[in-house]
1. Can you pull out every residue in region 285-318 that is open to solvent by 50 Å² or more (accessible area, probe 1.4 Å) and in contact with a helix residue (DSSP H, G or I) (Cβ under 6 Å, 6 or more places away or on another chain)?
2. Those residues that are of a type in the set (Gly, Ala, Ser) and open to solvent by 60 Å² or more (accessible area, probe 1.4 Å), I need them from region 224-237; list them, please.
3. Going by what's in this entry, would Asp279 be described as without any contact (Cβ under 8 Å) to a residue 60 or more places away in the chain and surrounded by fewer than 21 Cβ atoms within 10 Å (Cβ to Cβ)?
4. Return the only residue of Pro221, Pro212 being over 22 Å from Phe292 (Cα atoms) and either open to solvent by less than 50 Å² (accessible area, probe 1.4 Å) or without any contact (Cβ under 8 Å) to a residue 60 or more places away in the chain (or both).
5. Out of (1) in contact (Cβ under 8 Å) with a residue 60 or more places away in the chain; (2) assigned to a loop (DSSP other than H, G, I, E, B), what's the single condition that is false for Gly252?
6. Take the conditions open to solvent by 20 Å² or more (accessible area, probe 1.4 Å), at pLDDT below 95, in contact with a Leu (Cβ under 8 Å, 6 or more places away or on another chain) and not in a loop (DSSP other than H, G, I, E, B) and apply them to Thr262. Does it pass?
7. Suppose we filter region 180-202 for residues that are farther than 15 Å from Ala148 by Cβ, open to solvent by less than 60 Å² (accessible area, probe 1.4 Å) and either touching a Cys at 6+ places or on another chain (Cβ under 9 Å) or touching a residue at least 24 places away in the same chain (Cβ under 8 Å) (or both); how many remain?
8. Between a residue in region 164-179 that is at pLDDT 90 or above and any residue that is β-branched (Val, Ile, Thr) and open to solvent by less than 10 Å² (accessible area, probe 1.4 Å), which pairs come within a Cβ distance under 7 Å, given they are 6 or more apart or on different chains?
Amino acid sequence: MKRRAFITLLGGAAAWPLAARAQQSAMPVIGFLNSESPAPLAQLVSAFHRGLNETGYVEGKNVIIEYRWARGRYDRLREMAADLVGRRVAVIVTTGASPSLLAARGATREIPTVLISGEPMQDGIVVSFNRPGRNATGVSLFADALSAKRLDLVRELIPNAAVIALLVDPNSRESMIESSEVQEAAQAIGQRIIVSKAGSELDLVPAFADTPAALLIAGSPFFTRQRDQLVALAAQHAVPTVYEWREFATAGGLISYGPSLTNAYRQVGVYAARILNGDKPADLPVQQPTKFELAINLKTAKTLGLTVPESLLGRADEVIE
């Protein structure tokens, strides 16, 4: 090989990594902030990716995603949010517990933020659902009367249950709101409710020790993180249990009823992509749940010796056998 050709080839080879780095740095960056752990949420993160893909964005190809998982350490969220702001991400996506979005809110009022939240208006994150008016939008999972409907499901499944237990997370505002709603609904129909609290892993086993005929699990990011343990404890103590999210039923839980988390994460991906394409969060309405999933695990019902009424099976969106 001639010397000039060799030098040209060598120079081109050296430039390849530089070109690749330049191309990567030109990609927009999404900061993904979550208060929990990645493993239990893997399918939901995949749904977020699908939302991005629908609008033409593929991680590693034309967008970079910086993940920050607090793994239940809420005290780390402020630092993580500040780190994402320091990296000048184009969009921040916050999912998980309310502290995630509050940390993002505290870190920036300028970077567009897409969230999954219980009640973003109550947190002061948006002005209204139709016109958020600030730097944030996303999906609200709050829906009236869902707690009462889950109570109705328990009573339909076990009509003679004298006492029904409710497990709440005292560290979750949403969980405590649900506790009030369930107790109010129970009082209206003369149903006795016992409330148990579990805010850490050490509290979970005792919560199942003296559980009566049936159990309701309130919504909580902590409970989502402990999904497999909760399902296992319900099986171990042979307690018919009703959960909020479909993912509990697919993991072996008896019944779940609530909004679609999969759809919520997909919608967050769509909104993040739209913002990358120039839309302003203030003009993107906060999405509210329009579909509620009733999932019934017949295999678990048979293990518990329960016969699920045909009326209940007929309303189910998913029957797991």
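1. Of everything in region 285-318, just one residue is open to solvent by 50 Å² or more (accessible area, probe 1.4 Å) and in contact with a helix residue (DSSP H, G or I) (Cβ under 6 Å, 6 or more places away or on another chain), namely Gln287.
2. Filtering region 224-237 down to residues of a type in the set (Gly, Ala, Ser) leaves 232, 234-235.
Residue satisfying the conditions is Ala235 alone.
3. Numbers: without any contact (Cβ under 8 Å) to a residue 60 or more places away in the chain: yes; surrounded by fewer than 21 Cβ atoms within 10 Å (Cβ to Cβ): yes.
Criteria met by Asp279.
4. Working: Pro221 fails: over 22 Å from Phe292 (Cα atoms).
Of the residues listed, the single one that is over 22 Å from Phe292 (Cα atoms) and either open to solvent by less than 50 Å² (accessible area, probe 1.4 Å) or without any contact (Cβ under 8 Å) to a residue 60 or more places away in the chain (or both) is Pro212.
5. Against the list (1) in contact (Cβ under 8 Å) with a residue 60 or more places away in the chain; (2) assigned to a loop (DSSP other than H, G, I, E, B), Gly252 comes up short only on (1).
6. Values: open to solvent by 20 Å² or more (accessible area, probe 1.4 Å): yes; at pLDDT below 95: yes; in contact with a Leu (Cβ under 8 Å, 6 or more places away or on another chain): yes; not in a loop (DSSP other than H, G, I, E, B): yes.
So Thr262 passes the test.
7. So in region 180-202, the residues farther than 15 Å from Ala148 by Cβ come out as 192, 194-202.
Adding the requirement that they be open to solvent by less than 60 Å² (accessible area, probe 1.4 Å) leaves 195-196, 198-200.
Right, trim to either touching a Cys at 6+ places or on another chain (Cβ under 9 Å) or touching a residue at least 24 places away in the same chain (Cβ under 8 Å) (or both) and you get 195-196, 198-199.
Number satisfying all stated conditions: 4.
8. Correct list of pairs: Ile164/Val154; Leu166/Val182; Leu167/Ile217; Ser179/Val168.
The values are calculated or read from the model by the stated rules, or taken from the named source; none is laboratory data. Note that the structure is a prediction, hence the values are computed from the model and not measured. Backbone-built Cβ (ideal geometry, glycine too); neighbour counts: all protein chains shown. Just so you know, the surface numbers come from the protein's heavy atoms only, side chains and all, with ligands and any DNA or RNA stripped out. Shrake-Rupley method; radii C 1.70, N 1.55, O 1.52, S 1.80 Å.
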